[in-house]
Every structure is written in structure tokens, then in C-alpha cells.
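Here's the structure we're looking at; comments come further down.
The values are calculated or read from the model by the stated rules, or taken from the named source; none is laboratory data. Everything numeric in this text was worked out from a predicted model, so none of it was measured. Cβ coordinates were reconstructed from backbone atoms using ideal geometry, including for glycine residues, and neighbour counts include every protein chain displayed. Ligands, DNA and RNA are excluded from the accessible area calculation, which covers all protein heavy atoms including side chains. Shrake-Rupley method; radii C 1.70, N 1.55, O 1.52, S 1.80 Å.
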Amino acid sequence: MSAELPAANRAHHVWDITEVVREIMKQNASDLETLAHCARVSRGLSEPALEVLWEVQHCLDKVLGLLRSSFKKVPCGINRFGLSHHDLVLCDAITDEEWARMLRYARLVRVFVSGEERVDGLAATVLAWRLNGQPLFPNLKQLTWTGSIEGSAMLPLLFSPMLRNVSLSLVTNERPSHNTSAMPPASEYVCGTALAILHSRAPNVIGIELWTSASLCTVDRIVNFRYLSSLNMGPVDDPGAVLELCRSLPRLTELTLDIAYYIGVKPRPTHSQLPETLLYCLRRLTLSGPPGIVVSFVEAVHAPFLHLLDLKFEAVMDLWKRCLEVILARFGASLRNFTAGLEDGREVDNCSFHDWFSSLYNMRGLRQVSIESLYETSLNIVPQDLEDMASAWPQLRFLGLPSSVEDDGSSAFPITALQSLAANCPRLRRLAIPLPHHAPLVGLTLPPVSASQTYLKEICILSGRWPQEMREKCIAYLRLLFPCANTVLMNEEFGDMDDDW
């Protein structure tokens, strides 16, 4: 009979509680080496450590690598990123011992993201035969698959009944050709087939993301997912078909749509042809694409409880103003988060922020506002704009402002103009702004601060640099306005991109 260990050498009783051990392992998910040691050191730590180690898999290498007697990695060229990639090929019969071991670990996988690896159709058939109709990862909840339709034979083996979120991007390896007929490309039919198989295996999916033009052969399959709450599609040719689809999804709360700029022979629907659509459950809407089509889509949607709206299209002033009028009329009472992404446009040249976006001030319930300038687009922000924002949105939590137009990289508004935000936005937590002008701080002492705000946690300066002799003084002034905020200077943290050219 073995002697009992002294009390000082015994492990604390907390390590006998499975839930506590599992949580400790999750907190150390990024430390793979330590988790591997834990998996080997004791039975009590092994299972929780293995659960974390195998929870997320980014390719099939590790799983099929357990079948080392039957699968080999064979180099097969260079991928589109200039990196070598390989095929996983079957070289011998699968042994029962290795198969049982592989199945044990496969049950631990909850999230799978495909890599550049490929499994040929015959090898996938052998795996399907051994699985006898069961999925490779029976407990998989989230699947992201990106690959060619020629290499999609493994995809159905990943459709677990437990799946809740699926992202599919199926493309062809063939050289693209001009489509002169109304027939959808092969990738659309393959996508429709994948959705049909998915529904037969996992009908309770709640989130779908698709690389698709939303052809009828694809849209008809999506309708079957009655529990779908999140849909992400693009680049879509016919937004009208998407609106018709959304009518048939009674639980849809989140829609993300990228509308294609160029299509083949099929004509675009006009605004009058887009069906007026009531989406009662919709809470989040994200749109990007040609300006006129995006605005027409917004005009066609009726969503009385919409909370978040994210729009990205070319900076065309009359279309943005028209869009904002519709937003105010349709969603003004419910909207809480608004993001506008202005892409390059011929009309943006030292334009006034007030002229473009002042109608937003009528939506006083906004909590998050972000106006993003993409590429070279910029708007002129003056101190009065900051005062208007602070007065209009007293419940603001996050504010993001677009890039400046000044030659020296600073904004048109001085750093002292931020006082209005400190005084009138007590709940503001994060601020992302272009470089405020330092001119008011030139002198021996800092100007007085009439109000400060302690809720703000981060000020992110998106562009530009203060003169070296003014840097510390500017940061000191921001600290007076927002004592609890950390100031992040993006050009210093990540380097100035212009310096590399």
C-alpha cells in the first residue's frame, strides 16, 4: 500500500473541480505549449486542455495527420499569395486504431476554418464511407469554408447537426469568361447544392455568410432555413431578389449586403422596382455598393426597430443627403448606431461636414456615430461641428470623425474644441479623430479647462503628427479634458505609411 502524500505536496482541491479547470484552460488558450504540457501531465488536466487545444482548427492537416499510415501531404505548387501549398492524399488503407484515435479528437472540434489544403474526391469518398453518414466533426458549431468548387468534396463531411454559423466562399479554378447569357455561373449552382445538403444535415443554422451573386438557384435554398437570424451576401447582382428573400425569413435580425458594381446581361432594377419590404425583426443593416442602388435599397426597407445602420458608397453629396433624409424619417426613432463610409468621389474637395451630415443631429438617441473617410476622401470639420455633435448626442458612447483636409496633416478644428465633448457627453467612452490643431497650446502655460470627463477610456488619433516640441503639451491637455483616457497616436504606434513611399 502506497504512502499518502504529505498535505503540503497535495494539489489544491480546486483542481478537482472540472468546471474550474476548464475555465483556467480557456483563459490560457493562446499558450499552446503550456496547454500541451497540461494535456500530458495528469488525467485531471488532460481532457480540459485537449478541449481547448482542439476547439478551433484552421485546416485539415492536424486532424488527418492523425491518420499517418494512410494520409500524406504532397506539395502541389504555389497559391495565389505566393506560398507553397499541398494536397492531402490517401496512400494506404486506414487502420482501425488510427481511425478511432482521430474520431476521439475530432469530437473536440467546435470551430473549423479551411486552409489551402486540398483532399481529392476519391479520398473524401473513402472518409465518407468510414464515417457511415456521420459528420467528421459531430460537435462543430461554426464553419468557414473558402475554396474552389473543384476541391469541395470534403465540404459535406463537415456539415454537423450542431452547426449554427456557416460561411461559404466557393469559386472556380477556371479562367473567368464573359457571361453572355442569363444562366448563373457554375459556382452559383454549386453554392445552391451546398446549401441544400447543409439544410438536410443542419436545419437549425442561424447565421449564413455567402460569396454569391444571389441567383435564384442560391436564394431558393436559403429560404428553407427558417431559424436564420443573420445573413451576409455579396457581391449581389439583384438586390430586389434579396429583399424578396428577406420577406421569407421571419427571424432575420441582421443583414449584411455587398451590392456588385458590375453585372453581366441582367439589367439593374430601378427604385420603383425594388419591393417595399417590412422587416419587423431587423435590428442591424450593413450595405455597400453603387450609390444609387444603396440609397434605393434603404428607401425600400421598413424596419421599425432598426438599431444599427452601416453604409458605404461613393461620396456623392446629393445621394448622401437624400439617404440621410430617408434614415431620419424611417429609423430616426430607433437608430442607436450609425456608420457612414465615404469612398472616393469627385465632389469631395474641402467640403463642409455640416453641409453633408447635419441632418444626423435630429437623431438624438444615437449612441455610436462613425463617419469614415475611405482612401482620399475628406471633410472639413470646424469647432462648431463639435459643439453641434455634443449638444445633439448627449448619450454618445463612441464618436469617430473622418480625415482632415489640412496640408500639414492636422484638422481644421483646434484641440481646445474638444471641450464641448467633455462638457456635454458624460458617457463617451471612445473617441477616434484626426489630429487636432495644436495652435491654441502655443505658449508657456496650458489654457484653462472648463469641464473634464472621466468616463472616456481611449482617444485614438487616426492621422498626422504634432510637432515634436508640442507633442507632450498636447497629450497633457487631453489628459486635463479626459483624465482616465489613454491617447493612442496611430502614426507612432504603427508607423506613417507615407514614410515608406
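Structure summary
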read-out	value
Close pairs (6 angstrom Cβ cut-off, 6 or more residues apart or separate chains): among the acidic types (Asp, Glu) in the stretch 239-256, open to solvent by 10 Å² or more (accessible area, probe 1.4 Å) anywhere	254/230; 254/284
Filter pass, residue 285 being part of a loop (DSSP other than H, G, I, E, B), open to solvent by less than 20 Å² (accessible area, probe 1.4 Å) and either of a type in the set (A, V, I, L, M) or within 30 Å of residue 159 (Cα to Cα) (or both)	no
Single match in 294, 301, 326 (criterion: under 26 Å from residue 227 (Cα atoms) and either crowded, with 18+ Cβ neighbours inside 10 Å or not hydroxyl-bearing (Ser, Thr, Tyr) (or both))	301
1 or more residues modelled with pLDDT of 95 or more and open to solvent by 30 Å² or more (accessible area, probe 1.4 Å): qualifying helices (runs of 4 or more DSSP H) within the stretch 175-260	186-201
Helices (runs of 4 or more DSSP H) fully within the stretch 29-135 counting 1 or more residues that are modelled with pLDDT of 90 or more and either open to solvent by 40 Å² or more (accessible area, probe 1.4 Å) or not aromatic (Phe, Trp, Tyr) (or both)	61-64, 96-106, 121-131
Where a residue in the stretch 194-223 is farther than 12 Å from residue 163 by Cα and in contact (Cβ under 8 Å) with a residue 12 or more places away in the chain and its partner, wherever it lies, is of a type in the set (Gly, Ala, Ser) and surrounded by fewer than 17 Cβ atoms within 10 Å (Cβ to Cβ), with Cβ under 6 Å and at least six apart	211/169; 221/196; 223/248
Criterion violated by residue 160 - all others in (1) touching a Lys or Arg at 6+ places or on another chain (Cβ under 8 Å); (2) small (Gly, Ala, Ser); (3) within 22 Å of residue 186 (Cα to Cα) satisfied	(3)
Positions within the stretch 396-424 being in a loop (DSSP other than H, G, I, E, B), open to solvent by less than 40 Å² (accessible area, probe 1.4 Å) and at pLDDT 95 or above, in sequence order	396
Breaking point among (1) surrounded by 18 or more Cβ atoms within 10 Å (Cβ to Cβ); (2) farther than 19 Å from residue 386 by Cβ, for residue 456	(2)
